[in-house]
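Inspection log for the structure reproduced underneath, given as structure tokens.
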């Protein structure tokens with residue numbers, strides 16, 4: 001198998017693994033399930049990943065990297081800190097039963113028992129907070145935001161976004177997407193000394 005063919009096969013296995021995980025959950029996904037869904041032998045799955053834990057961790061990372069690619073696009077843009085903050089808040093809020101959010105929720109839960117997954121989950125999770133901190137710090141520097149502790153504010157805003165996003169992703173019609181967005185704007189505005197309407 002050429003290096004390019006191996007990379008294509010690996011990418012295909014990771015996409016298939018993500019589909020299986022969304023359907024079965026991290027805890028209930030077996031390497032045999034991924035092999036069957038991909039139409040390959042279980043030996044090939046082990047060839048690429050060595051262990052089930054590594055397969056799950058890499059599939060989780062693969063799925064979440066799609067979110068991080070969108071985050072990177074926001075961070076690389078020349079938009080103002082306020083515009084970047086608005087975009088991140090829109091990116092973060094799931095629409096209905098989001099596949100991405102079901103992976104995040106499952107990843108957090110399974111990280112309690114799987115050290116390899118916990119390392120991946122922590123690294124990817126912290127990226128959101130680091131980028132949010134950078135946006136807040138840039139906004140403080142240019143006078144858009146008033147905030148003495150950008151890192152603390154990023155953690156508090158993110159905690160509210162996480163909590164409300166979990167409710168939206170897991171429980172149908174308990175709260176609306178619009179209501180969650182309004183509460184997130186209110187918390188962010190209070191943290192950053194803004195009129196909430198500026199985050200609308």
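The values are calculated or read from the model by the stated rules, or taken from the named source; none is laboratory data. Computed from a predicted model, the values in this text were never measured in an experiment. Neighbour counts run over all protein chains shown; Cβ positions are idealised from the backbone, glycine included.
Descriptive notes on the structure:
- All of (1) surrounded by fewer than 18 Cβ atoms within 10 Å (Cβ to Cβ); (2) within 23 Å of residue 54 (Cβ to Cβ) hold for residue 149 with one exception: (2).
- Considering each residue of segment 14-28 in turn, none proves to be within 20 Å of residue 115 (Cβ to Cβ), touching a helix residue (DSSP H, G or I) at 6+ places or on another chain (Cβ under 8 Å), in a helix (DSSP H, G or I) and without any contact (Cβ under 8 Å) to a residue 40 or more places away in the chain.
- Members of segment 63-88 found to be buried (at least 18 other Cβ atoms within 10 Å of the Cβ) and under 30 Å from residue 42 (Cα atoms), listed by number: 63, 64, 67
- Of all residues in segment 34-43, those satisfying the criterion of being surrounded by fewer than 19 Cβ atoms within 10 Å (Cβ to Cβ) and without any contact (Cβ under 8 Å) to a residue 24 or more places away in the chain are 36, 37, 39, 41, 42, 43.
- Evaluating residue 140 against the criteria (1) closer than 21 Å to residue 198 by Cα; (2) surrounded by fewer than 18 Cβ atoms within 10 Å (Cβ to Cβ); (3) without any contact (Cβ under 8 Å) to a residue 24 or more places away in the chain leaves one unmet condition, (2).
- Of the residues examined, residue 67 is one that is within 30 Å of residue 133 (Cβ to Cβ), in a helix (DSSP H, G or I) and at pLDDT below 85.
- Candidates are the residues of segment 157-180 that are closer than 16 Å to residue 196 by Cα and either modelled with pLDDT of 90 or more or not in a helix (DSSP H, G or I) (or both); the one that is farthest from the chain's Cα centre (by Cα) is 179.
- Selected residue [touching a helix residue (DSSP H, G or I) at 6+ places or on another chain (Cβ under 9 Å) and surrounded by fewer than 18 Cβ atoms within 10 Å (Cβ to Cβ)] from 60, 46: 46
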